[in-house]
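**Student:** Would you mind keeping the following structure in view while I ask a few things?
The values are calculated or read from the model by the stated rules, or taken from the named source; none is laboratory data. Keep in mind that what you see is a predicted model, and the values were worked out from it rather than measured. Here the Cβ positions follow ideal geometry from the backbone for every residue, glycine too, while neighbour counts run over all protein chains shown. Only protein heavy atoms, including side chains, enter the accessible area calculation; ligands, DNA and RNA are left aside. Shrake-Rupley method; radii C 1.70, N 1.55, O 1.52, S 1.80 Å.
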Amino acid sequence: MIPFDYQRAEDTRSAVATVTARPGAAFLGAGTNLVDHLKLGVAAPDLLVDVSHLPFDMIEPLAGGGVRIGATVRNSDLAVDPVIRQRYPMVSAALLSGASGQLRNVATTAGNLMQRTRCPYFQDVTTPCNKRRPGSGCSALEGYHRDHAILGASRHCVAVHPSDLAVALTALGAVVQVEGVKGARSIPIIDLYRLPDDAPQHDTVLEHGELITAVDLPALPMATRSTYRKVRDRASYAFALVSVAAAVDVERGTVRDVRVALGGVAHKPWRARRAEEALRGAPATDDAFRAAAEAELAGARPLRDNAFKVPMARNTIVATLRELTRREEP
Amino acid sequence: MDVEIGLRVDGEPHRLVVDTRTTLLDAMRERLGITSPKKGCDHGQCGACTVLLDGRRATTCLALAVAHDGAEIVTAAGLADGERLHPIQQALLDHDGLQCGYCTPGQVCSAVGMLAEAEAGWPSHVTADLSGAVELTDEEIAERMSGNLCRCGAYANIVAAIREAVR
Amino acid sequence: MTGLIEPKSIGAPLERLEGHAKVTGTAPYAAEHLAADTAHLHPVQATVARGRITGMDTTAAEALDGVLAVLTPGNAPRLAPGDDPELAVLASDEVAYRGQIIAAAVAETTEIARQAADLVRVSYAELPHDVELRADSAGLYAPEVVNPTYPTDTTEGDPDGALAAAAVTVDRTYTTPMEHNNPMEPHATVALWARDTLTLYESTQWPHGVRDTIARLFGLATDQVRVIAPYVGGGFGSKTIHANTVLAAMGARAVPGRPVSFALTRQQMFSLVGYRTPTIQRIRLGAGADGRLTAIAHDVVEQTARLKEFAEQTAVATRSMYAAPNRRTTHRLAALDVPAPTWMRAPGECPGMFALECAMDEMAIACGLDPIEFRVRNEPEIDPETGLPFSSRNLIRCLREGADRFGWRRRDPTPGVRREDGWLLGTGVAASTFPVFRLPGSAATVRRLAGGRYRVQIDAVDIGTGAWTSLAQIAADALDVPPDAVDLRIGDSALPPGSVAGGSSGTTSWGSAIVDAARTFREKFPDPEEGDEAGGATPDNPDLERFAMHAYGAQFAAVRVHADTGEVRVPRMLGVFAAGRIINPRTARSQFIGGMTMGLSMALHEDSVMDVRFGQVANHDFAGYHIASNADVRSIDAIWIEEEDPHVNPMGSKGIGEIGIVGAAAAVANAAYHATGVRVRDLPLTPEKFLR
């Protein structure tokens, strides 16, 4: 761990300006992932700008029926917020399935979205990793990759994104509000995250110095019937092998609309658009769910030791949709 | 870079100089000699360093001390009133919810924080109805305490102790 | 054996004497003995699996403000030659395994020490390495003995012939992965070298052993070294002595007069303090149509380090478990470029009984018999291995008692037919066993204090077992006083010697020494006065030659496997044990369920994945290496049956620290088969193994 300077941000503008102007600077939220990386040598900033005290700790209604979640809202507070619980249960469920109570109490919304892969090679500076050191190679490709990607990976990187929250937000079509030196911009979360391609060092499209200030949830009435199913090795306190965030609107046995996103399968939270398309207008039956899941997973390219994720993802999609639609029927 | 900060731990105010790299955990253990919070993994993966930080349970190994200037911390040592133990601590003794004892102060703080969360109606991963009332079943206690690993395998007794203390 | 002492305090569920200190966090563990001037050490570890260091540049590290010393093979003190190559720290340029300590920085703070260690630049001449255990690994060899001194191979009768002639056979291979002990307290030392004496606050299972080893390596008299370990945050076999302790002493020698603290990181624990070897076990069973075993063959392949041999006694339990006229056990080792394996809770019995007890389940099914009835039919009358009678053996009582309490008799043996809310349900059983070990070399003193109290001193150590409390109870009964009249002193090498807290031998070995000291005291001082003192030692037990001594148990598990996802959960476990007289029911139950919980963890989660290219465990932290969390453990209980055994020791007790893990994983795997119809023979039982 190399020494670094520390500043507590006075306001967003100066924080963004400071970090943008200094290539070695980084934003500090709660630190639940960054401090990991400092200790391991994965990150070596020369300045931390602490943004955890900026006034982004509110959950507020948006005109048009949506909800704005401030960037520094703690995971626990977001999960237990009455509006979130009632209108976006998949968000609460995703958060509550992540980490532990004592981590959720400090971890922030933006920090959760910006956390980095738990690929063991990324976290071990003694092994090659293109995400950590571009051009050094991907150790996971031929190594230990049971937890790794089956969709959208490249030969440069097969890591998966670890966030549960981001999967739910991706299913909902949330929009991330970002502040930069050139001003503010809104980025649909689906566009925030990147596939690895040949530049896996970039998890997101954010530029150095850009700061997430809020996440906007759309008014999506069907989300009141949504859920998040996480499959993992341990019953608790473990990252996903596969997870599914889903919301479904069924009328008289037919799917009117549906949202599905997958976690644990790709470099980014994976919006299952093919499955959604296959399901719209289809009967709400196991067969239709299975066909939709298979349509989504047709493009899966598993590695030597994670082919199980394909049937696991398929079965979990089916089980989650079955559970939601069964619940919906009176 | 060295920075002077203030911490209040178990009611005692402290001024101390820390390296910006120093975690809250190391600040307590190595600078202040407050060793009730334990270091089991140093990466938020075991819960042994759990304290009540500004009123909530939190891991301290991933918190930079410099970012917590002025924080109010309660450790397991501070939960006891001299010889009089906190009910959770007494229940852990009664149910032998400890063996080697290394994870125990973290379990204590986590349990105290967890009970306040449940009291406030916070649901958990295993709560069937996210908007409903919270009943602290064994399953709920176990899920909510899963951020505190115990290698001796005292979980069953820890759950029994908390169940008893709640009653 | 001389007579049993009269149990008064023994058998009482005393609360842990150190409990108050532990629940408040005020019990000081090794790394917590810090002074204002304590310096901190951080090691540099090899990043190749095999080779030679060709260059080491410490300039930047040494130049760093706050660095007190940088230790390298070039400047480290020469150690006396020892019998443990793992402890030859910084003795040469050779790298025998990845992660080996090759240098270290001592600095004013942990942050600076870590930064300095990172600044040491190392170049290597790398050599090809082999770190992968395979059934056909090149150079498999038979060690001279397996741990601690068992024959490597045994044969009786004609197992091959009997197998060929058997009406029913099972021939299966079971594997267990590399597992790491991972006590919650990382290994730690605070070392102070002052005025020709070395004091170590040490997280160890054996203060006396550490003292003797360190004294020998550093050329000191044993009374120049003192090892203090009042509280130890678990060990499970990994806290004997490893390179980290030697390095801490070296660090202290580099800054005389200043304490040096060296606490391992969790990551470092995956290469520096041992692990349980992976095993590949072929089991062949032959039985007649009557369900009586005619042959048992257990052939084990496992690993050791090229640097140092460690031969896990995996098939040893099989030698005494069941009656069969034709028997064979073998152990073969692959010597790899890896750190040496070490003791891990029930070494030998734990992995070996996983294989045997799964095979017994498969054989029971093949014979069309209930697995309990099948075991009853194959119960030996005498120890099949030694021909000696058992001092006591109550396996069948454990199985039957457990069957009653668990509801086994209502069980439909058909696999894969019980379903509830998308989960497949099943139950399983396995037998458990652990030998009664008595280690030599313990001594104790008893001294009369004012007010009718007694100081009892022995360098025993409590690693979470409850020794603080149970030894006080034993001393109380041996002195015929209440336990609060005993002022027990343990965990300090300045006390009379104690053997290692391992092999479930502590209570037998230390307790026997305390009883001996108390008896001597009472004979010598019929009317004791303050200051009277007597000593005693663990006596030899002539009954060891006349009886086979083991504890037994029965493990029951209920398992749910999710039909869609393959997730495995264990809603219920019950262990029934026969382990002699129980000294303290409260702490004993914790020992049993603690072992069972670790067995559950082994069954479902634990797997150190060796990256064969780099020669290191890829998932080397607590996020990657899963141990069971609270939510993984639901209803879990342990009970025991009354067992009088006058032969084992004067307390009538057998060790209980390890038996709880033995057979637990087999019970879970057998239950998972019953739930799903899928027989998984390779641990751990991760979801993909049940996915269809």
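**Student:** Quick test of your reading of the structure: residue A:116 fulfils all but one of (1) open to solvent by 30 Å² or more (accessible area, probe 1.4 Å); (2) away from chain B (no Cβ under 14 Å); (3) in a loop (DSSP other than H, G, I, E, B). Name the failing condition by number.
**Tutor:** All conditions pass for residue A:116, except number (2).
**Student:** How many of the residues making up segment A:119-174 are of a type in the set (S, T, N, Q), more than 12 Å from chain C (Cβ to nearest Cβ) and open to solvent by 30 Å² or more (accessible area, probe 1.4 Å)?
**Tutor:** 1
**Student:** Being more than 14 Å from chain C (Cβ to nearest Cβ) and assigned to a helix (DSSP H, G or I) is the filter; apply it to segment B:103-145 and report the residue that is most open to solvent (accessible area, probe 1.4 Å).
**Tutor:** Ranking the qualifying residues of segment B:103-145, first place goes to B:119.
**Student:** State whether one or more residues within segment A:16-26 are within 30 Å of residue C:264 (Cα to Cα), within 14 Å of chain B (Cβ to nearest Cβ) and crowded, with 24+ Cβ neighbours inside 10 Å.
**Tutor:** No: zero hits.
**Student:** While we're looking at this one, here's another question. How many residues does segment C:528-541 contain that are at pLDDT 95 or above and open to solvent by 10 Å² or more (accessible area, probe 1.4 Å)? Talk me through it step by step, then tell me what you get.
**Tutor:** Initial filter on segment C:528-541 (at pLDDT 95 or above): C:528-537.
Subset that is open to solvent by 10 Å² or more (accessible area, probe 1.4 Å): C:528-533, C:535-537.
Total meeting the criteria: 9.
**Student:** From the list C:30, C:39, C:21, C:60, exactly one residue is within 14 Å of chain B (Cβ to nearest Cβ) and surrounded by fewer than 19 Cβ atoms within 10 Å (Cβ to Cβ). Which is it?
**Tutor:** C:21
**Student:** Moving on. Within 14 Å of chain B (Cβ to nearest Cβ), open to solvent by 10 Å² or more (accessible area, probe 1.4 Å) and within 30 Å of residue C:472 (Cβ to Cβ): is that true of residue C:585 in this structure? Before you say what the answer is, go through the steps one by one.
**Tutor:** Values: within 14 Å of chain B (Cβ to nearest Cβ): yes; open to solvent by 10 Å² or more (accessible area, probe 1.4 Å): yes; within 30 Å of residue C:472 (Cβ to Cβ): yes.
So residue C:585 fits the description; yes.
**Student:** Moving on. Might you let me know whether segment A:267-287 holds any residue that is within 14 Å of chain C (Cβ to nearest Cβ) and out of contact with any strand residue (DSSP E or B) (no Cβ under 7 Å at 6 or more places or on another chain)?
**Tutor:** Initially, segment A:267-287 is screened for residues within 14 Å of chain C (Cβ to nearest Cβ), giving A:286.
Applying the additional criterion that residues be out of contact with any strand residue (DSSP E or B) (no Cβ under 7 Å at 6 or more places or on another chain) yields A:286.
Yes; the residues of segment A:267-287 include at least one that is within 14 Å of chain C (Cβ to nearest Cβ) and out of contact with any strand residue (DSSP E or B) (no Cβ under 7 Å at 6 or more places or on another chain).
**Student:** Mind checking which residues of segment C:210-230 are crowded, with 24+ Cβ neighbours inside 10 Å and either within 14 Å of chain B (Cβ to nearest Cβ) or part of a loop (DSSP other than H, G, I, E, B) (or both)?
**Tutor:** Within segment C:210-230, just C:229 meets the criteria.
**Student:** I've got another one for you. Listed residues C:615, C:655; which is more than 14 Å from chain B (Cβ to nearest Cβ) and on the phi > 0 side of the Ramachandran plot?
**Tutor:** Values: C:655 fails: on the phi > 0 side of the Ramachandran plot.
Only one candidate passes the filter, namely C:615.
**Student:** Take residue C:81 and tell me if it is more than 13 Å from every other protein chain (Cβ to nearest Cβ), part of a loop (DSSP other than H, G, I, E, B) and not aromatic (Phe, Trp, Tyr). Show your work before the answer.
**Tutor:** Numbers: more than 13 Å from every other protein chain (Cβ to nearest Cβ): yes; part of a loop (DSSP other than H, G, I, E, B): yes; not aromatic (Phe, Trp, Tyr): yes.
So residue C:81 passes the test.
**Student:** Test residue B:33 against the stated conditions and say whether it is without any contact (Cβ under 8 Å) to a residue 24 or more places away in the chain, in contact with a helix residue (DSSP H, G or I) (Cβ under 9 Å, 6 or more places away or on another chain) and not in a strand (DSSP E or B).
**Tutor:** Against the criterion (without any contact (Cβ under 8 Å) to a residue 24 or more places away in the chain, in contact with a helix residue (DSSP H, G or I) (Cβ under 9 Å, 6 or more places away or on another chain) and not in a strand (DSSP E or B)), residue B:33 qualifies.
**Student:** Can you name every residue in segment A:68-95 that is at the interface with chain B (Cβ under 10 Å from one of its Cβ atoms), free of Cβ contacts under 8 Å to residues at least 60 places away in the same chain and open to solvent by 10 Å² or more (accessible area, probe 1.4 Å)?
**Tutor:** A:74, A:77, A:80, A:82, A:85
**Student:** What residue, among those in segment C:437-460 that are part of a loop (DSSP other than H, G, I, E, B) and out of contact with any Phe, Trp or Tyr (no Cβ under 7 Å at 6 or more places or on another chain), is surrounded by the fewest Cβ atoms within 10 Å (Cβ to Cβ)?
**Tutor:** Per the criteria, the residue is C:440.
**Student:** Just checking, does segment A:268-279 include any residue being open to solvent by 10 Å² or more (accessible area, probe 1.4 Å), more than 30 Å from residue C:601 (Cα to Cα) and either in a loop (DSSP other than H, G, I, E, B) or β-branched (Val, Ile, Thr) (or both)?
**Tutor:** Yes - at least one qualifying residue is present in segment A:268-279.
**Student:** Is it the case that residue C:338 is in contact with a Lys or Arg (Cβ under 7 Å, 6 or more places away or on another chain) and either part of a strand (DSSP E or B) or not basic (Lys, Arg) (or both)?
**Tutor:** Spelling it out, it is not the case that residue C:338 is in contact with a Lys or Arg (Cβ under 7 Å, 6 or more places away or on another chain) and either part of a strand (DSSP E or B) or not basic (Lys, Arg) (or both).
**Student:** Has segment A:294-308 got any residue that is in contact with a Leu (Cβ under 7 Å, 6 or more places away or on another chain) and surrounded by fewer than 17 Cβ atoms within 10 Å (Cβ to Cβ)?
**Tutor:** Checking segment A:294-308: at least one residue is in contact with a Leu (Cβ under 7 Å, 6 or more places away or on another chain) and surrounded by fewer than 17 Cβ atoms within 10 Å (Cβ to Cβ).
**Student:** Which of the residues spanning segment C:174-199 are in contact (Cβ under 8 Å) with a residue 60 or more places away in the chain and hydrophobic (A, V, I, L, M, F, W, C)?
**Tutor:** The answer is C:178, C:188, C:190, C:191, C:192, C:193, C:194.
**Student:** With the structure loaded, tell me whether residue C:175 is part of a strand (DSSP E or B) and open to solvent by less than 60 Å² (accessible area, probe 1.4 Å) or whether it fails that test.
**Tutor:** So residue C:175 passes the test.
**Student:** Taking only segment C:63-89 into account, find how many residues are acidic (Asp, Glu) and either touching a Phe, Trp or Tyr at 6+ places or on another chain (Cβ under 8 Å) or buried (at least 16 other Cβ atoms within 10 Å of the Cβ) (or both).
**Tutor:** Final tally of qualifying residues: 2.
**Student:** From the list C:245, C:279, C:304, exactly one residue is within 24 Å of the chain's Cα centre (by Cα), surrounded by 24 or more Cβ atoms within 10 Å (Cβ to Cβ) and more than 30 Å from residue C:226 (Cα to Cα). Which is it?
**Tutor:** C:279
**Student:** Could you check how many residues of segment C:622-642 are open to solvent by less than 10 Å² (accessible area, probe 1.4 Å), assigned to a loop (DSSP other than H, G, I, E, B) and in contact (Cβ under 8 Å) with a residue 40 or more places away in the chain?
**Tutor:** 3
**Student:** Yes or no: residue C:495 open to solvent by 20 Å² or more (accessible area, probe 1.4 Å), closer than 30 Å to residue C:389 by Cβ and either of a type in the set (S, T, N, Q) or more than 14 Å from chain B (Cβ to nearest Cβ) (or both)?
**Tutor:** In short, no.
**Student:** If a residue has to be at pLDDT 95 or above, part of a strand (DSSP E or B) and open to solvent by less than 50 Å² (accessible area, probe 1.4 Å) to count, how many in segment C:178-209 make the cut? Full working, then the answer.
**Tutor:** From segment C:178-209, those at pLDDT 95 or above are C:178-193, C:197-209; that's our starting set.
Retained after the next criterion (residues that are part of a strand (DSSP E or B)): C:179, C:188-193, C:197-202.
Within this subset, residues satisfying the condition of being open to solvent by less than 50 Å² (accessible area, probe 1.4 Å) are C:179, C:188-191, C:193, C:198-200, C:202.
Looking only at that region, the number is 10.
**Student:** Scan segment C:373-394 for residues that are assigned to a loop (DSSP other than H, G, I, E, B) and among the β-branched types (Val, Ile, Thr) and jot them down.
**Tutor:** C:382, C:386
**Student:** For segment C:282-298, how many residues are in contact with a strand residue (DSSP E or B) (Cβ under 9 Å, 6 or more places away or on another chain), open to solvent by 20 Å² or more (accessible area, probe 1.4 Å) and under 11 Å from residue C:168 (Cα atoms)?
**Tutor:** 3
**Student:** Right, another one. Just the residues that are open to solvent by less than 10 Å² (accessible area, probe 1.4 Å) and assigned to a loop (DSSP other than H, G, I, E, B), please, taken from segment C:348-372.
**Tutor:** C:348, the sole residue that qualifies.
**Student:** Could you list, in sequence order, the residues of segment A:71-96 that are outside any helix (DSSP H, G or I) and either among the β-branched types (Val, Ile, Thr) or over 21 Å from residue B:60 (Cα atoms) (or both)?
**Tutor:** Result: A:71, A:72, A:73, A:81, A:88.
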